[in-house]
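Here is the structure we will look at, set down as structure tokens.
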Amino acid sequence: MKLSLEEFQAWKNKKITLLGMSGVGKTHLSSMLREHNWFHYSVDYRIGTRYLDEPIMDLIKQQAMQIPFLRDLMRKDWIYVRNNIKVDDLGPVLSFVGKLGNPELSGVPLEEFRHRQALYRQAEIDAIRDIPVFVRKAQEIYGYPHFINDVAGSLCDLEENGSVELLVRHTLILYIKAADKYEEDELIRRAQKWPKPLYFRPAFLDEQIQAYLQEHQLQYAAQMEPDAFTSWVFPRLFHSRIPRYEAIAEPHGYTVTSRQVNGLRDEQDFLEMVEMAIAAG
């Protein structure tokens with residue numbers, strides 16, 4: 001939603017969505033605001049604990065059943081396994097989505113990768129649809145006056161207008177962009193070193209696979225080294241998303257930089273930053 005400065009200042013129960021690539025500071029900022037009586041809704045956390053929990057557990061059990069000792073224990077219900085995802089650690093989701101490439105190098109075959117991507121996309125859409133319910137829960141059950149939504153970095157790639165429309169209808173959109181090329185390069189470096197689950201638009205994925213195969217003189221996706229392809233494709237994914245974020249933020253929200261976010265100390269700093277963004281239009 002778009003608000004005037006006066007409307008924002010008078011907004012009793014503030015509801016804000018943080019938009020941007022992984023690494024720009026969304027989760028860090030959300031965690032800080034949680035200490036100042038804001039309810040933190042993480043789309044990624046909801047994906048892992050609600051909408052991909054069963055597929056994640058099925059994959060884990062499938063792997064465990066290949067080990068005779070564990071298979072015997074599991075079939076007799078003597079042990080159990082569970083998904084222990086955390087807001088700041090999406091390891092189970094990352095393991096489920098996997099990395100495309102050679103199965104002998106722990107890569108995921110192309111058709112299976114496409115299947116998991118489709119599940120991941122639908123899970124993100126479903127988690128976004130839950131936001132109005134959690135806005136109500138945050139106030140009526142938990143007593144939080146304000147709501148901060150840490151949306152997944154792939155929102156701009158869902159190609160499903162209903163998700164953006166829902167966020168615009170219920171929250172103020174705040175897009176956090178990299179301040180300059182140095183910040184962009186740093187985000188890419190960190191993402192390559194500490195990867196998070198990635199969603200690829202099908203057309204983008206097909207295009208990048210073909211480019212990678214041609215550049216490395218390979219014939220099939222099953223020949224790709226998974227880590228190498230993921231590192232190679234991420235900068236391209238990063239830059240492809242920038243105009244898509246801007247297409248959401250310009251008509252529907254406001255823009256700040258990662259450098260501004262990194263300089264925030266408390267809730268008051270955050271509110272002043274949002275007010276400056278609103279005043280700038």
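The values are calculated or read from the model by the stated rules, or taken from the named source; none is laboratory data. Only a predicted model underlies this, so the values are computations on that prediction, with no experimental measurement involved. Note: ideal-geometry Cβ built from the backbone for every residue, glycine included; neighbour counts use all protein chains shown.
Points to keep in mind about this one:
- Only one of 244, 259 that is within 22 Å of the chain's Cα centre (by Cα), of a type in the set (D, E, K, R) and at pLDDT below 95: 259
- When the residues of the range 241-262 are filtered to those that are within 28 Å of residue 208 (Cα to Cα) and either among the charged types (D, E, K, R) or without any contact (Cβ under 8 Å) to a residue 60 or more places away in the chain (or both), the one that is surrounded by the most Cβ atoms within 10 Å (Cβ to Cβ) is 241.
- With respect to the stated conditions, residue 127 is over 22 Å from residue 5 (Cα atoms) and at pLDDT 95 or above.
- Selection from the range 59-108 of residues that are outside any helix (DSSP H, G or I), touching a residue at least 40 places away in the same chain (Cβ under 8 Å) and surrounded by fewer than 16 Cβ atoms within 10 Å (Cβ to Cβ): 86, 88, 106
- Looking only at the range 32-58, and only at residues there that are among the charged types (D, E, K, R) and surrounded by 13 or more Cβ atoms within 10 Å (Cβ to Cβ), the one that is nearest to residue 266 (Cα to Cα): 34
- Just one residue in the set 229, 200, 204 is modelled with pLDDT of 95 or more, touching a helix residue (DSSP H, G or I) at 6+ places or on another chain (Cβ under 9 Å), part of a helix (DSSP H, G or I) and surrounded by 20 or more Cβ atoms within 10 Å (Cβ to Cβ); that residue is 229.
- Scan the range 243-281 for residues that are under 20 Å from residue 5 (Cα atoms) and aromatic (Phe, Trp, Tyr) and the total you get is 2.
- Single residue of the range 133-182 satisfying the filter (assigned to a helix (DSSP H, G or I) and in contact with a strand residue (DSSP E or B) (Cβ under 7 Å, 6 or more places away or on another chain)) that is farthest from residue 15 (Cα to Cα): 155
- Members of the range 7-33 found to be farther than 14 Å from residue 148 by Cβ, of a type in the set (A, V, I, L, M, F, W, C) and out of contact with any strand residue (DSSP E or B) (no Cβ under 7 Å at 6 or more places or on another chain), listed by number: 8, 10, 21
- Of the residues making up the range 212-225, those that are buried (at least 19 other Cβ atoms within 10 Å of the Cβ) and not hydroxyl-bearing (Ser, Thr, Tyr) are 221, 224.
- The range 140-165: number of residues that are crowded, with 16+ Cβ neighbours inside 10 Å and farther than 23 Å from residue 204 by Cβ: 6
For every residue, the table says whether it meets (1) more than 21 Å from the chain's Cα centre (by Cα); (2) on the phi < 0 side of the Ramachandran plot.
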position	(1), (2)
23	no, no
34	no, yes
38	no, yes
42	no, yes
65	yes, yes
86	no, yes
99	no, yes
114	no, yes
